[in-house]
Amino acid sequence: MANSAESAAARLEFIRTRMEKARRRFGAPPEAVELVAVSKTFPADVIEPFIAAGQHVFGENRVQEAKEKWPGLRQKYPDLSLHLIGPLQSNKAREAVARFDVIETVDREKIAAALAAEMARADRHLPCFVQVNIGGEEQKAGVPVDQAVAFVRNCREVHGLTIAGLMCIPPDGQPAGPYFAHLATLGRAAGVEQLSMGMSGDFETAIAMGATHVRVGSALFGKR
Ligand SMILES: *Cc1c(COP(=O)(O)O)cnc(C)c1O
């Protein structure tokens, strides 16, 4: 597996260099951008060389898949951080709170309530992001743009959730920059510090617009 270890390290280095260049080029904050390596669909033996190469933050979009794939890796590497980046059903709140370290996809009252109840029960209080449907797309998850600020306040004040930031997936096939800029504006209005935005095709643009977290899958792991 020397080969895959080498290429994992090289791909990580390539993405990290591009992130750092984007961050410097655009000057402004953030001070640092966190790379969330999106490992969905890839098995543990593909992921492990990336951990060995120094990557400790990963994103998965399905609770069930994380439950099957990550316990072994977590046992071996205790300081991993796993982000849930896919839609969450309230009946999966218990598993999600048990398996993940950050929930990026809080987008409705029912989920906020279920997560809050489960975090209290388990005494495991995870930072969350509110997902915003930044393009107003019917088929996409996320709280509507015009309700985002109120929803953040509600999550905090009614449910006692720690809302660290906002997250979005902009519409396909359009320049993402204006959507990222809009999320940054909403983030300031909502009083959150962090912005999870940007994927393999547009993470540099996202960093230019203030991303604190980029979620990169295929550029690291290859085609799914
Ligand atoms: C799959 C996925 C990503 C990563 O997408 P790539 O284009 O492979 O980098 C990022 N965010 C979310 C929410 C995803 O589901």
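Before moving on, here are some points about what is shown:
- The set of residues in the stretch 75-119 being closer than 27 Å to Glu137 by Cβ, part of a helix (DSSP H, G or I) and open to solvent by 70 Å² or more (accessible area, probe 1.4 Å) consists of Asn91, Lys92, Glu109, Lys110.
- Tally, over the stretch 196-212, of residues that are open to solvent by 20 Å² or more (accessible area, probe 1.4 Å) and within 14 Å of the ligand (Cβ to nearest atom): 6
- Just one of the numbered conditions (1) farther than 30 Å from Ala150 by Cβ; (2) without any contact (Cβ under 8 Å) to a residue 24 or more places away in the chain; (3) open to solvent by less than 70 Å² (accessible area, probe 1.4 Å) is not true of Gly72: (2).
- Cβ separations smaller than 7 Å between residues 6+ apart or across chains give the following pairs from the stretch 181-198 residues that are among the β-branched types (Val, Ile, Thr) to residues that are at pLDDT 95 or above: Val192/Val152; Val192/Ile163; Val192/Ala164; Val192/Gly165; Val192/Leu166.
- The numbered conditions (1) within 14 Å of Phe203 (Cβ to Cβ); (2) part of a helix (DSSP H, G or I) are all true for Ala37 except (2).
- Per-region count, the stretch 34-69, residues crowded, with 19+ Cβ neighbours inside 10 Å and either without any contact (Cβ under 8 Å) to a residue 12 or more places away in the chain or under 12 Å from Val214 (Cα atoms) (or both): 6
- Test: residue in the stretch 24-33 that is closer than 28 Å to Asp146 by Cβ, touching a residue at least 60 places away in the same chain (Cβ under 8 Å), open to solvent by 10 Å² or more (accessible area, probe 1.4 Å) and of a type outside the set (A, V, I, L, M, F, W, C): yes
- The stretch 40-74, subset assigned to a loop (DSSP other than H, G, I, E, B) and of a type in the set (Lys, Arg), residue nearest to the ligand (Cβ to nearest atom): Lys40
- Filter result for the condition that a residue is farther than 25 Å from Ala208 by Cα, without any contact (Cβ under 8 Å) to a residue 60 or more places away in the chain and β-branched (Val, Ile, Thr), over Val152, Val158, Val143, Val132: Val158
- Residue tally, condition open to solvent by 40 Å² or more (accessible area, probe 1.4 Å), outside any helix (DSSP H, G or I) and charged (D, E, K, R), over the stretch 133-159: 2
The values are calculated or read from the model by the stated rules, or taken from the named source; none is laboratory data. These figures come from a predicted structure and were not determined experimentally. Neighbour counts run over all protein chains shown; Cβ positions are idealised from the backbone, glycine included. Heavy atoms of the whole protein, side chains included, go into the accessibility calculation; ligands, DNA and RNA do not. Shrake-Rupley method; radii C 1.70, N 1.55, O 1.52, S 1.80 Å.
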